[in-house]
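In what follows, a structure is listed as structure tokens, so that the remarks can point back to it.
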Amino acid sequence: DTAVSQTPKYLVTQMGNDKSIKCEQNLGHDTMYWYKQDSKKFLKIMFSYNNKELIINETVPNRFSPKSPDKAHLNLHINSLELGDSAVYFCASSPGPTGYTFGSGTRLTVV
Amino acid sequence: AQSVAQPEDQVNVAEGNPLTVKCTYSVSGNPYLFWYVQYPNRGLQFLLKYITGDNLVKGSYGFEAEFNKSQTSFHLKKPSALVSDSALYFCAVRDKNKLIFGQGTTLQVKP
């Protein structure tokens, strides 16, 4: 069983479209995250939810909107996609400060 | 704010030789430090962590890291490198409810 699973694995879309990436964890963790890895492989936090409540919202354009229907799911919706949104997006979860489990990533390519 | 730095973009080592991937940190208080590895087109895999206790931490795949408070370092080591260890390695520090990553170090192990 995959602990943190993301879908889709690859996403190619045109500029201006709206797309969603889904994340599910079966670890029973309370906290979930979205990270973005840019073309230089740099990893940066975007959002974090704890038990469906938003606790971290870094400087991210309003076009990005996370949604957590329950504590096992954290989805990322992106409106009006731009070329600069092309990146790998990682979902992660943690039970607390001492452990973080990452998904395998979603490679988003905006053309 | 907490931060980590990985001073080397790339480390090259011959198979069978010992390897070291460097990480230094800047934190207020006691650091929670982590190492992750990313294989090509794969997610982030946890290697090891330092929370408290013994300064020498042993992790997955034969890796270990030494927490050095006086030098504010947390270098990743392995006594004998394998070609299959070639990957991108990230050091990270916990900052409040999230991980802050270093810029990553590419490890190339040559046969």
Antiparallel versus total DSSP beta bridges in chain A: what percent is that, nearest 5? 90
Extension gain A:LYS40-A:LYS67, at 0.36 nm per residue separation less the Cα-Cα distance, in nm? 7.0 nm
Ordered by number, the residues of segment B:92-106 with at least 40 Å² less accessible area in the assembly than alone (1.4 Å probe) are B:ASN97, B:LYS98, B:LEU99, B:PHE101
Averaged per residue, what accessible surface does the protein assembly as shown expose to a 1.4 Å probe, in Å²? 48
Taking placed amide H atoms and a strict 5 Å upper bound, the residues 5 or more places from B:VAL11 or on another chain that come that close are B:THR106, B:LEU107, B:GLN108
Tell me the carbon and sulfur percent of the accessible area for chain B, rounded to whole percent, probe radius 1.4 Å. 46
The rounded separation in angstrom of the Cα centers of segment B:68-84 and segment A:1-68 is 30
With springs only between Cα atoms under 10 Å, which of A:ASN75, A:ASN57, A:ASN17 fluctuates most in a Gaussian network model of chain A? A:ASN17
In order over segment B:56-65: 3J(HN,Hα) from phi, Karplus 6.51/-1.76/1.60, θ = phi - 60°, whole Hz, x for each Gly or Pro, gives 9, 10, 9, x, 6, 6, x, 7, 8, 9
For B:SER3, what is the net charge nearby, where nearby means another residue's Cβ is under 14 Å from its Cβ and Lys, Arg count +1, Asp, Glu -1? +3
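Applying 1/(1 + (r/R0)^6) with R0 = 35 Å to the Cβ-Cβ distance of A:LYS52 and B:ALA14, what FRET efficiency is obtained, to the nearest 0.05?
0.10
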From Cα pairs below 8 angstrom and at least 6 apart in sequence, can you work out the relative contact order of segment A:4-110, rounded to a whole percent? 37
Local electrostatic count, B:GLY43, Cβ distance below 12 Å [Lys/Arg +1, Asp/Glu -1]: +3
Simple Cβ-charge dipole of segment B:3-110, Lys/Arg +1 and Asp/Glu -1, about Cα centre, in debye nearest 20: 260
Sequence order, segment A:92-104: Karplus ³J(HN,Hα) from phi using 6.51 cos²θ - 1.76 cosθ + 1.60, θ = phi - 60°, Hz rounded, Gly and Pro as x, gives 8, 9, 8, x, x, x, 10, x, 9, 10, 9, x, 8
Show me you know the interface measure: the accessible area buried between A and B, both chains summed, probe 1.4 Å, in Å² to the nearest 100. 1600
Restricting to chain B, compute how many DSSP beta bridges are antiparallel as a %, nearest 5. 85
A:GLY103 long-range amide H proximity, modeled H, under 5 Å: A:CYS91, A:ALA92
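At a threshold of 8 angstrom on Cα-Cα distance, excluding pairs fewer than six apart, so keeping six or more, what relative contact order does chain B reach in percent?
Worked out over chain B, it gives 38 percent.
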Say the dipole of chain A comes from +1 at the beta carbon of Lys and Arg and -1 at that of Asp and Glu; which of A:ILE21, A:VAL111, A:LEU81 then lies farthest toward its positive end? A:VAL111
Dipole magnitude of segment A:29-85 about its Cα centre, charges +1 at Lys/Arg Cβ and -1 at Asp/Glu Cβ only, in debye to the nearest 20? 120
Let me check I've understood the local charge: for B:LYS58, count other residues with C-beta under 12 angstrom from its C-beta, Lys and Arg +1, Asp and Glu -1. What total comes out? 0
Through the Karplus equation 6.51 cos²θ - 1.76 cosθ + 1.60, θ set to phi - 60°, convert the phi angles of segment B:32-48 into ³J(HN,Hα) values in whole Hz; use x for Gly and Pro. 9, 10, 9, 10, 10, 10, 10, 7, x, 6, 10, x, 8, 10, 6, 9, 6
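The values are calculated or read from the model by the stated rules, or taken from the named source; none is laboratory data. Only a predicted model underlies this, so the values are computations on that prediction, with no experimental measurement involved. Using ideal geometry, Cβ is built from the backbone for each residue, glycine included, and neighbour counts are taken over all protein chains shown. We work out accessible area using only protein heavy atoms, side chains counted, and drop any ligands, DNA or RNA first. Shrake-Rupley method; radii C 1.70, N 1.55, O 1.52, S 1.80 Å.
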